[in-house]
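Reading through the C-alpha cells given below for one structure.
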Amino acid sequence: MVDRRTIRKRRLALWGGVALAGLAVVALSPWAGLAIVAIALIMLAQRRGVPILVYHSVSSDPGWLPWGHNISVRPEVFAAQMEHLAASRWRVVPTQAVFLGETDHRSVALHFDDAYRDFAVAAGVLRKHALPATVFASSDFIDPSIGPRPVDDAPGYLNADELRAFDAEPLFNVDCHGQDHARVAVSDRTTPRDPNRWGPETAYLWSLLPGDKSRWFETEPPGVAHVPETESALIAAAVTDAGLESDKARDARVTQSLTEARTALTAVLGRPVTFLCWPFDRVTPHALASARAAGFTQFTAGRADNPIGKRTDILSRTHINDRAAGGGPIWLEVLVFRARLEVAAGNLLFLPVTALAARLRARRFSILHGPDAGATA
Ligand SMILES: [Zn+2]
C-alpha cells in the first residue's frame, strides 16, 4: 500500500505544477490562467481521509516522563483545541465509526495512548463538549490502587476501576495497547547511558522488568550503563545472551504477550477486547499475524489515509504535541492545530503552516525516542 506521505508528495508535485503552469498562462489569457490555478488549489484542498488525533498525557507537569515534552499537552492548550473542535464544522466520531465507515469529510476521531492517570483531566473537557474518545492501556501499566482517585494530573497510570468506569461511559472506550510497551535489543552495538536516570531509553529498561510496571517512575532505575540498539518488542527478533531470536520464537513470544494483554484487559473491562493499538505505532506483517492469532481484529499503525465512508480494520493516526511551533500563545497553538487537522485530512493548502511550525519546534526540542514519539504526521 502506498503511504500517505508519498501520496501527498505526488499530489503536491502534480497540482503545484498545474498551479504554476496556470500562473504562466495568466500572461496570455488571464481568465484561463486563473481558472487553471483555481482548479489546482481545489484539488490541493481536497480532504481524502478521516484524521485520528493521538494524545498521550494532558498535564501541566509531565516531567516524570523522560519524553514528556514531546507527548504531553498542557490542560489549557488541550481545552482550547477541544473548544475549536466543538465550535468548528468538524464532527468528532467514535473510533468504531471510522472502522465501520460511518464517516464523512468532516469526521475526526480522538485517541489517548498509554492510559495516563491525567486522562481524567482530559475526560472533563471531552464531557463538556460531548466529544468521544478511545483510551489505550498497556496491561502491565494498570495502577494497582482500588477505586476512583481525585481528578488531577498527578504522575502515573489509570487503575482498573478507573478504566472500567471510563469504558462504561457512552463517550469513552478503553482498548488494548499491548502488555509491556517495551523495546528489545536488536544488535550488540551499545552506547553508554546514565545508569542513575530513567532517561529516553526507558522503554528498553521496561523489557528488563517483568510484570507490573505501573509505578516505575517511583523506583530506582535498574542501573544499566549501556543501551543497545532497540526496536518495539512486538515487531523485532530480540538479541539476548543466547543470540538472535528465531522468527518462530519471536512470533510465539509476540502472540503470547498479546494474548496475555488481551486476557488481562478483557478481565478488567468485563467485555471482549479486540482492538489493538500498536506501541510506537510500529507493526510488521508478522506482528499483525501474531496479533490476529491472539484474537485481535482491529488495529492502528496504518500508513495510509483512513478511508472516508468505507470500512477499514487498520487505522492511521496523527500525533499531536504541545508547543507545536516551539512556543508562543494559545491562539498560535490553536492555529497550528487547525492546520494539522486539515493536513491530516489531506488538505495540502495548510502544509506551509505545519511545515513552518515543525521547523520552529525542531529548533527548540530534540526528538526523543519515547513511546510513540515516532508516530507519523
Ligand atoms: Zn504508547
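The values are calculated or read from the model by the stated rules, or taken from the named source; none is laboratory data. Note that the structure is predicted; figures quoted are calculated from it, not measured. Positions of Cβ are generated from backbone atoms using ideal geometry, with glycine treated the same way; all protein chains shown enter the neighbour counts.
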Open item on the list: Among the listed residues Ala301, Ala291, identify the single one that is at positive phi and assigned by TED's automatic domain parsing to the domain that holds Asp113.
Closed with: Ala301
Open item on the list: So, restricting to helices (runs of 4 or more DSSP H) that lie completely within segment 192-311, which ones have at least 3 residues that are under 23 Å from Tyr55 (Cα atoms) and touching a Ser or Thr at 6+ places or on another chain (Cβ under 7 Å)?
Closed with: 247-269
Open item on the list: Tally up the residues in segment 250-276 that are out of contact with any helix residue (DSSP H, G or I) (no Cβ under 6 Å at 6 or more places or on another chain), under 20 Å from Gly211 (Cα atoms) and either in contact (Cβ under 8 Å) with a residue 24 or more places away in the chain or of a type outside the set (Val, Ile, Thr) (or both), please.
Closed with: 9
Open item on the list: Suppose we filter segment 130-189 for residues that are outside any loop (DSSP other than H, G, I, E, B), within 27 Å of Ala236 (Cα to Cα) and charged (D, E, K, R); how many remain?
Closed with: 5
TODO: Pull up segment 66-93, narrow it to residues that are under 16 Å from the mean Cα position of the chain (by Cα) and assigned to a loop (DSSP other than H, G, I, E, B), then point me to the one that is surrounded by the most Cβ atoms within 10 Å (Cβ to Cβ).
DONE: Ser72
TODO: Just name the residue that is surrounded by the most Cβ atoms within 10 Å (Cβ to Cβ) out of those in segment 344-366 that are touching a residue at least 60 places away in the same chain (Cβ under 8 Å) and within 23 Å of Leu315 (Cβ to Cβ).
DONE: Ala344
- [ ] Of the numbered conditions (1) assigned to a helix (DSSP H, G or I); (2) over 21 Å from Leu163 (Cα atoms); (3) in contact (Cβ under 8 Å) with a residue 60 or more places away in the chain, Gln96 fails exactly one; give the number of that condition.
- [x] (2)
Task: Count - residues of segment 313-323 that are buried (at least 20 other Cβ atoms within 10 Å of the Cβ), of a type outside the set (Gly, Ala, Ser) and not in a strand (DSSP E or B) - done: 6
Open item on the list: Among the listed residues Val135, Val174, identify the single one that is within 16 Å of the ligand (Cβ to nearest atom), surrounded by 20 or more Cβ atoms within 10 Å (Cβ to Cβ) and farther than 24 Å from Phe337 by Cα.
Closed with: Val174
Task: Whichever residue in segment 29-75 is touching a Ser or Thr at 6+ places or on another chain (Cβ under 7 Å) and more than 16 Å from the ligand (Cβ to nearest atom) and, among such residues, is farthest from Thr202 (Cα to Cα) - done: Val50
